[in-house]
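Single-structure report; data block below.
The values are calculated or read from the model by the stated rules, or taken from the named source; none is laboratory data. What you see is a predicted model, and the numbers here were worked out from it, not measured in a lab. A quick note on method: Cβ atoms are made from the backbone with ideal geometry, for glycine too, and the neighbour counts reach across all protein chains shown.
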Amino acid sequence: MLNSNVNSYETYLFNNGDNFRSYKFLGSRFIRLKETSGTLFRVWAPNAVKVSVVGDFNSWNGKNHLMKKQPNTGFWNLFVEDVMEGELYKYEILMPDGKSVLKSDPYAFYSELRPNTASIVTNIKDDYVWNDKSWLESKKNTFSSPLNIYEVHLGSWKLSDKNNFYSYREIADLLLPYVLDMGYTHVELLPITEHPLDASWGYQATGYYSITSRFGTPSDFKYFIDKFHQNGIGVIIDWVPGHFCKDEHGLYKFDGSYLYEYDNEDLRENCGWGTANFNLGKTQVQNFLISSAIFWFEMYHIDGIRVDAVASMLYLDYGKQGNPNLKNKYGGIENLEAVDFLRKLNRAIFKRFPNALVIAEESTSWPMVTSPDYAGGLGFNYKWNMGWMNDILRYMQLDMSQRKLNHNLITFSIMYAFSENFILPISHDEVVYGKKSLLNKMPGTYEDKFSGVRAFYGYMIGHPGKKLNFMGNEFAQFDEWKFNSALDWKLLLYPMHSKMQKYVKDLNHLYKNESSLWQQDHNFHGFNWIDASNNNQSIVSFIRQGFNGNNFTIVICNFSSSSYNNYKIGVSRLTHYKEILNSDNSLYGGSNKLNSEIINPVMEKWNAKPFCIKIKIPPLSVIFIKPIFKDVNKPKKLLKNKCSMNKIHLSLNAIRRGFNDKKRNYRHATSRRTRY
């Protein structure tokens with residue numbers, strides 16, 4: 001005889017907010033027994049008067065399968081014989097006010113395709129044979145590794161010839177080769193939890209354990225992740241623990257009470273989004289959410305989550321400024337329950353998955369977001385740098401004549417660049433709702449717009465912090481992103497767009513290959529200004545430094561429409577230099593004002609450096625320059641033949657001899673003055 005009750009230990013953990021695998025005993029489970037087989041249903045609904053399981057198996061009649069309430073737990077249980085995998089079901093819940101409502105299962109692993117809303121009996125643990133063991137075992141923290149994320153909305157990256165969605169398997173076979181070719185290290189998917197409305201992009205969910213059926217089955221999504229892992233690409237998903245949609249079949253007033261949301265209307269209602277805020281102080285809700293995060297890591301092998309709208313959780317008055325009722329016990333506006341929840345969430349994830357990516361989209365100056373909770377932080381390991389994003393986009397939209405007056409917009413971010421572990425995001429939010437596409441944000445002529453985007457991307461790659469770019473930006477879409485149609489891939493038939501795509505590809509591969517651009521992203525030792533104050537010419541130059549002292553890259557950004565010959569850049573090392581990428585290359589749509597020859601240093605102090613190099617700087621451009629050392633890090637051959645190498649050594653030796661002659665003359669003159 002099957003005992004359908006939840007055991008006392010699981011119940012104790014659940015009520016204390018410490019059951020982080022509550023999906024293992026709540027929801028529906030198909031079970032095979034010796035005598036019979038069927039499905040065990042369990043749901044948490046402590047304030048319901050009566051709960052029934054309904055589905056096709058009983059003609060959706062709530063009288064046939066009444067659930068039993070487990071005393072003093074709030075759990076309702078029922079084993080129904082002969083209900084197999086794939087069966088549709090809901091819970092018919094009689095509320096205290098006498099109203100009866102059909103609810104989807106909060107812990108369902110799979111759901112009907114919208115607009116239908118039934119849950120589906122699904123066992124997902126053994127439905128797929130994984131082949132990503134080597135990836136999982138080789139994963140390490142990414143602080144001193146390249147992290148370049150391609151943000152994707154699966155419903156609009158590409159559509160089939162019939163304008164339908166591709167399945168998870170189909171889009172994996174299309175998206176993976178593109179991501180590999182373009183040089184990204186990870187993809188980040190807009191929410192793939194079940195949601196009723198396409199226009200919410202997944203950010204208003206009903207199924208926190210249910211993969212959206214728009215693109216296929218749980219097994220299909222496992223194939224998607226497995227294939228990416230086998231090819232060395234990580235997968236991050238957007239996850240929304242702050243609020244949920246209020247559709248009747250969902251979590252809202254689940255058992256007739258405000259079970260998952262706050263009782264207090266001021267705290268509950270998220271008026272800006274038309275949603276309800278989770279009650280983050282309730283232990284059972286903490287279980288629900290933390291278990292959801294653990295579920296995606298454990299069952300689907302994801303590599304990370306980006307926690308959406310963290311600011312809306314941290315501040316009681318978010319979107320409701322001026323409400324005097326929204327104060328914590330100390331009189332502040334901070335949501336102390338949310339702070340505790342986020343710390344608890346991050347402790348739980350990192351205890352089980354030490355190398356997980358847990359990224360906060362936090363848009364304010366809340367301190368220590370990426371510091372450990374034991375040190376007073378929130379415990380994330382990355383945070384989106386929204387300040388950098390807002391400043392640089394504001395700057396890039398300025399007319400050239402105004403940029404010199406707003407130079408601080410491109411330099412201020414370094415003041416706080418190492419206060420958190422930052423990711424530099426250009427996300428979907430920046431190319432919707434009338435904000436214009438990235439290309440159309442740029443001022444000037446048609447050519448200027450493309451040059452401006454190239455300069456912006458080059459600056460982004462050079463700036464400290466990991467990277468994220470939204471799909472379509474890489475080939476400079478003219479229009480804003482539209483969730484209900486595919487990207488404008490036809491633009492690649494036009495030279496400037498295909499050249500932009502090549503530029504981003506080369507820039508991404510440069511970033512992956514040049515360790516100085518990421519080894520010390522979160523350490524002030526990894527960045528040095530050469531010249532931050534040339535606002536008159538709208539030029540900045542800086543050094544990105546790797547762990548090895550000889551491993552560095554010089555980055556020069558010209559945000560003006562003027563070009564310069566023999567522009568001086570101060571350098572500290574007396575060696576040769578080579579331009580390794582120039583955004584003005586004609587391959588990328590530029591005017592081809594390049595520094596093609598080996599760049600020799602000059603014995604002249606500049607920018608507080610003992611030497612300098614003289615280079616050509618094109619308008620609206622970014623240039624990357626590397627030193628040439630004979631035996632450092634086994635650099636690639638930069639010269640074609642031994643003769644040309646000898647010439648360069650002779651040239652460098654001549655400079656050194658001149659420098660040594662000056663020192664000898666100085667010592668000789670000094671000794672003569674001393675003698676006389």
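Would it be correct to say that Ile539 is β-branched (Val, Ile, Thr), free of Cβ contacts under 8 Å to residues at least 60 places away in the same chain, closer than 22 Å to Phe412 by Cβ and not assigned by TED's automatic domain parsing to the domain that holds Tyr184?
Values: β-branched (Val, Ile, Thr): yes; free of Cβ contacts under 8 Å to residues at least 60 places away in the same chain: no; closer than 22 Å to Phe412 by Cβ: yes; not assigned by TED's automatic domain parsing to the domain that holds Tyr184: yes.
No: the conditions fail for Ile539.
Look through Asn528, Asn523 and report the one residue that is surrounded by fewer than 21 Cβ atoms within 10 Å (Cβ to Cβ), in contact (Cβ under 8 Å) with a residue 60 or more places away in the chain and either touching a Cys at 6+ places or on another chain (Cβ under 7 Å) or on the phi < 0 side of the Ramachandran plot (or both). Reasoning before the result, please.
Working: Asn528 fails: in contact (Cβ under 8 Å) with a residue 60 or more places away in the chain.
None of the others qualify; the one that does is Asn523.
Quick one: is Ser560 over 21 Å from Ile543 (Cβ atoms) and either buried (at least 21 other Cβ atoms within 10 Å of the Cβ) or within 35 Å of the chain's Cα centre (by Cα) (or both)?
Working: over 21 Å from Ile543 (Cβ atoms): yes; either buried (at least 21 other Cβ atoms within 10 Å of the Cβ) or within 35 Å of the chain's Cα centre (by Cα) (or both): yes.
It is true that Ser560 is over 21 Å from Ile543 (Cβ atoms) and either buried (at least 21 other Cβ atoms within 10 Å of the Cβ) or within 35 Å of the chain's Cα centre (by Cα) (or both).
How about the stretch 541-562: which of its residues are part of a strand (DSSP E or B) and closer than 19 Å to Phe456 by Cβ? Explain how you work it out, then say what you get.
First, the residues of the stretch 541-562 that are part of a strand (DSSP E or B): 541-545, 552-558.
Answer for the stretch 541-562, where residues must be part of a strand (DSSP E or B) and closer than 19 Å to Phe456 by Cβ: Ser541, Phe542, Arg544, Thr553, Ile554, Val555, Ile556, Cys557, Asn558.
Taking the condition among the acidic types (Asp, Glu) and either more than 30 Å from Leu136 (Cβ to Cβ) or touching a helix residue (DSSP H, G or I) at 6+ places or on another chain (Cβ under 6 Å) (or both), does Glu269 pass? Please lay out each step first, then the result.
Numbers: among the acidic types (Asp, Glu): yes; either more than 30 Å from Leu136 (Cβ to Cβ) or touching a helix residue (DSSP H, G or I) at 6+ places or on another chain (Cβ under 6 Å) (or both): yes.
Taking the combined requirement at face value, the residue satisfies it.
Take the stretch 122-162 and flag every residue that is part of a loop (DSSP other than H, G, I, E, B), touching a residue at least 24 places away in the same chain (Cβ under 8 Å) and farther than 19 Å from Tyr300 by Cα.
Step one: filter the stretch 122-162 for residues part of a loop (DSSP other than H, G, I, E, B), giving 122-132, 139-147, 153-162.
Now restrict to residues that are touching a residue at least 24 places away in the same chain (Cβ under 8 Å): 122-125, 127-128, 130-132, 139-147, 153-159.
Hits for the stretch 122-162 are Asn141, Thr142, Phe143, Ser144, Ser145, Pro146, Leu147, Gly155, Ser156, Trp157, Lys158, Leu159.
Examine the stretch 273-283 for a residue that is more than 25 Å from Arg21 (Cβ to Cβ), among the β-branched types (Val, Ile, Thr) and assigned to a loop (DSSP other than H, G, I, E, B), and state whether such a residue exists.
no
For the stretch 507-540, enumerate the residues that are farther than 15 Å from Val555 by Cβ and either of a type in the set (D, E, K, R) or in a strand (DSSP E or B) (or both).
Hits for the stretch 507-540 are Lys512, Ser533.
Can you tell me which residue within the stretch 215-265, out of those that are assigned to a strand (DSSP E or B) and touching a residue at least 40 places away in the same chain (Cβ under 8 Å), is farthest from Lys50 (Cα to Cα)? Give the steps one after another, and end with the answer.
Step one: list which residues in the stretch 215-265 are assigned to a strand (DSSP E or B), which gives 234-239, 243-244, 261.
Now drop any that are not touching a residue at least 40 places away in the same chain (Cβ under 8 Å), which leaves 234-239, 243-244.
Details: Gly234: 45, Val235: 41, Ile236: 40, Ile237: 36, Asp238: 35, Trp239: 32, His243: 27, Phe244: 25 Å.
Among those that are assigned to a strand (DSSP E or B) and touching a residue at least 40 places away in the same chain (Cβ under 8 Å), it is Gly234.
Count, please, the residues in the stretch 131-151 that happen to be at pLDDT 95 or above, surrounded by 16 or more Cβ atoms within 10 Å (Cβ to Cβ) and out of contact with any helix residue (DSSP H, G or I) (no Cβ under 7 Å at 6 or more places or on another chain).
4
Looking at Ser572, is it hydroxyl-bearing (Ser, Thr, Tyr) and buried (at least 21 other Cβ atoms within 10 Å of the Cβ)? Before you say what the answer is, go through the steps one by one.
Values: hydroxyl-bearing (Ser, Thr, Tyr): yes; buried (at least 21 other Cβ atoms within 10 Å of the Cβ): no.
Taking the combined requirement at face value, the residue does not satisfy it.
Take Gly183 and decide whether it is outside the structural domain of Val101 (by TED's automatic domain parsing) and on the phi > 0 side of the Ramachandran plot.
On the way: outside the structural domain of Val101 (by TED's automatic domain parsing): yes; on the phi > 0 side of the Ramachandran plot: yes.
So Gly183 passes the test.
Part of a strand (DSSP E or B) and polar (S, T, N, Q): does that describe Asn566? Reasoning before the result, please.
Details: part of a strand (DSSP E or B): yes; polar (S, T, N, Q): yes.
Yes; evaluated as a whole, the condition is true for this residue.
Which pairs turn up if I take residues in the stretch 581-598 that are touching a residue at least 40 places away in the same chain (Cβ under 8 Å) and look for partners that are of a type in the set (Val, Ile, Thr) and assigned to a helix (DSSP H, G or I) with beta carbon separation below 8 Å, at least 6 apart in sequence or on another chain?
Ile598/Ile648
Among residues belonging to the stretch 332-367 that are β-branched (Val, Ile, Thr) and part of a helix (DSSP H, G or I), point out the one that is surrounded by the fewest Cβ atoms within 10 Å (Cβ to Cβ).
Checked the stretch 332-367; the qualifying residue surrounded by the fewest Cβ atoms within 10 Å (Cβ to Cβ) is Val339.
Where residues in the stretch 569-578 are of a type in the set (A, V, I, L, M, F, W, C) and not in a loop (DSSP other than H, G, I, E, B), which of them is nearest to Pro610 (Cα to Cα)? Steps first, please.
The initial filter retains those residues of the stretch 569-578 that are of a type in the set (A, V, I, L, M, F, W, C), namely 569, 571, 574.
Filter once more, so that each one left must be not in a loop (DSSP other than H, G, I, E, B): 569, 571.
Numbers: Ile569: 11, Val571: 7 Å.
Top of the filtered list is Val571.
For the stretch 3-26, enumerate the residues that are touching a residue at least 12 places away in the same chain (Cβ under 8 Å) and either more than 30 Å from Asp340 (Cβ to Cβ) or crowded, with 22+ Cβ neighbours inside 10 Å (or both).
Within the stretch 3-26, Ser4, Asn5, Phe14, Asn19, Phe20, Ser22, Tyr23, Leu26 qualify.
Filtering the stretch 247-261 down to residues that are within 29 Å of the chain's Cα centre (by Cα) and closer than 17 Å to Phe288 by Cα, which residue is surrounded by the most Cβ atoms within 10 Å (Cβ to Cβ)? Steps first, please.
Within the stretch 247-261, the subset within 29 Å of the chain's Cα centre (by Cα) is 247, 250-252, 260-261.
Applying the additional criterion that residues be closer than 17 Å to Phe288 by Cα yields 250-252, 260-261.
On the way: Gly250: 23, Leu251: 23, Tyr252: 19, Tyr260: 24, Glu261: 26.
By that ranking, first place goes to Glu261.
Can you tell me which condition Ile124 does not meet? The list is (1) of a type in the set (A, V, I, L, M, F, W, C); (2) modelled with pLDDT under 95; (3) within 30 Å of Arg544 (Cα to Cα), and all the others hold.
(3)
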